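In what follows, a structure is listed as structure tokens, so that the remarks can point back to it.
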Amino acid sequence: MTARYHLILDPDLRDELRELHARAQADPNGVAAKQFEAVRVALSALREGREAEFAGERLGRSDNYPDLRDCAEIKIPVVEEFNRRGRPMGPSHRVTYREFEGPTESSLPVRQVVAFAPRKNGEIFDVTANRLGRSKGVALDELDHLPTVRPITGPGKEPDRLIGPPRMALPPDMAQSLKALDGLAPPTSTPPTTTNHPPAPQRQPPNRGPSQSR
């Protein structure tokens, strides 16, 4: 499908996915490979604007959670989890992201992918807050113009809850990164992997020598 958004990965997430990719290559049938494939699916969905297919929801804030009113999540199944009655608990992991205007009027809007983490015990919220420099229960003045959703989690969530995050003005540091990647003003210290999805696993060419077995 055609890309509707330009993706930028949080630097910590980018490093995490590089490590996950290496582990997936070392053990293609292991847990890391399953996680890496799940992330690839999630990034594709966010790039193509298919968050509704993954039970996308906008996040909020409360005294028990950090202020994430400018964020949204999609739900990604990685491992099966069951409650005490043996019933499935739904997708085990979440991917959180924010959305910004493109650097120019003709540019695609930008989505910053912040975190990939388990749902259990609210780990995804903690990781997202840490990467954005936010604390539990502290409301941000710059987000006061945004409504919150109540409650944050649980079966009583608002039925008409918004799916995607609010689109914000593009921060200067992200705009500079995008310009560098587009070749407009590339600083020599900017690595080429600041944006886009993690590298796909490389397939080794088949051995065509006389000793090849089938």
query: What spacing in nm lies between the two simple spin-label points modelled at N29 and K179, each 7 Å away from Cα in the Cβ direction?
result: 5.2 nm
field: Mean separation of Cα contacts under 8 Å (6+ apart) over length of the stretch 1-150, as relative contact order %
entry: 26 percent
task: Give, as ranges by residue number, the residues of the stretch 48-62 whose backbone N falls under 19 Å from the point 7 Å along Cα→Cβ of R4.
output: 48-59
- prompt: Using a probe of 1.4 angstrom, how much of the accessible area of the stretch 7-127 is carbon and sulfur, in percent?
  reply: 45 percent
statement: For the stretch 33-109, averaging the sequence separation of alpha carbon pairs under 8 Å that lie six or more residues apart and dividing by its residue count, the contact order in percent is 22 percent
query: In the stretch 1-80, which GluC sites (Glu not before Pro) fall in coil by DSSP and have 15 or fewer other Cβ atoms within 10 Å?
result: E80
message: Checking the cross-link filter: which aspartates and glutamates have an alpha carbon closer than 15 Å to that of K120, excluding same-chain neighbours under 8 positions apart?
response: E73, E80, E81
message: Can you compute the modelled spin-label distance between D15 and R87, with each label point 7 Å from Cα toward Cβ, in nm?
response: 4.2 nm
task: Report the extension gain between S62 and R167 in nm, rounded to one decimal, defined as 0.36 nm multiplied by the number of residues separating them, less their alpha carbon distance.
output: 35.7 nm
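The values are calculated or read from the model by the stated rules, or taken from the named source; none is laboratory data. No experiment lies behind these values; they were computed from the predicted model shown. Cβ coordinates were reconstructed from backbone atoms using ideal geometry, including for glycine residues, and neighbour counts include every protein chain displayed. Only protein heavy atoms, including side chains, enter the accessible area calculation; ligands, DNA and RNA are left aside. Shrake-Rupley method; radii C 1.70, N 1.55, O 1.52, S 1.80 Å.
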